[in-house]
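This report refers to the structure that appears directly beneath it.
The values are calculated or read from the model by the stated rules, or taken from the named source; none is laboratory data. None of these values were measured; they are calculated from a predicted model. Cβ placement follows ideal geometry from the backbone for every residue including glycine, while neighbour counts extend to all protein chains displayed. Note: areas computed on protein heavy atoms with side chains; ligands, DNA, RNA excluded. Shrake-Rupley method; radii C 1.70, N 1.55, O 1.52, S 1.80 Å.
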Amino acid sequence: MTALAHERPETMSETSAEIVNLPDLDEVLWQAWKAMELPEGYRAEIIEGAIEVSPTGRLSHAQIINRLRNALVRFLGEGEYAAFQDTNVIHQRKGWIPDVLIAPEDLEPHGDEEELGVAASAVSLIAEVVSPGKRNQDRDRVRKRREYARAGIPVYVIIDDYDSHGTVTVLTEPEPDKADWVGVHRVPYGTEITIPEGPAKGFVIGETITGPKRG
């Protein structure tokens, strides 16, 4: 038989104590994310208080990513910085897997405390290639845009086949407290845009990476 509250007054205080001692949502998501085992072709990220599972990109998505990374590798040369793919970026119990990122060539001193990925503080540029579907588009255009600003990523590049006939947006000067960016530069496919700062300063994104303007 279940005891009523007035029969066991200590029950409420015990329950309250248990509630107070529960881990917060970020910690719960963090532990769940670390324990996930996904089938090949899927990845999981923690974005704005939720674990999001998404498939890897289709052919056109992969082609743009590879062209971008290969061009960045050539641009960066044998210097201190390198371009990476399929690398976890960790920030305050959140984990993201950008399509391409720039960080120091030697990642070991810049790993997070659990060595699950590179700390966001060491990342100088992140690029995402937008996938089809509203949820995928909102993830890169809206949710990740806010998350990367909160993390203080210096440059965020969005290559978007599905915005009009294709656009490239370069976001700079993040405002972590506002989850927004001061510098917003957006051009259509077919128009070149240049990275204005950081290790990739002077790197040009144009048709050799995006392909020609659609439509």
Next item on the list: Mind listing whichever residues of the stretch 181-194 are closer than 27 Å to ALA122 by Cβ and touching a helix residue (DSSP H, G or I) at 6+ places or on another chain (Cβ under 9 Å)?
Entry: TRP181
Note to self: Within the stretch 44-56, does at least one residue satisfy the condition of being open to solvent by 20 Å² or more (accessible area, probe 1.4 Å), in contact with a Lys or Arg (Cβ under 7 Å, 6 or more places away or on another chain), of a type in the set (D, E, K, R) and farther than 22 Å from ILE205 by Cβ?
What the structure shows: yes
Check: Restricting attention to the stretch 155-174, which residues are charged (D, E, K, R) and out of contact with any Phe, Trp or Tyr (no Cβ under 7 Å at 6 or more places or on another chain)?
Finding: ASP160, ASP161, ASP163
Check: Which of the residues spanning the stretch 141-177 are open to solvent by less than 60 Å² (accessible area, probe 1.4 Å) and either of a type in the set (Lys, Arg) or touching a Cys at 6+ places or on another chain (Cβ under 6 Å) (or both)?
Finding: ARG143, LYS144
Next item on the list: State whether one or more residues within the stretch 57-64 are modelled with pLDDT under 90, outside any helix (DSSP H, G or I) and surrounded by 11 or more Cβ atoms within 10 Å (Cβ to Cβ).
Entry: yes
Next item on the list: Please give the number of the condition GLY211 fails out of (1) more than 15 Å from TYR156 (Cβ to Cβ); (2) out of contact with any Leu (no Cβ under 6 Å at 6 or more places or on another chain); (3) buried (at least 21 other Cβ atoms within 10 Å of the Cβ); (4) touching a residue at least 40 places away in the same chain (Cβ under 8 Å).
Entry: (3)
Note to self: For the stretch 163-178, check the following and say yes or no: at least one residue is modelled with pLDDT under 95, within 21 Å of ASN88 (Cβ to Cβ) and not charged (D, E, K, R).
What the structure shows: no
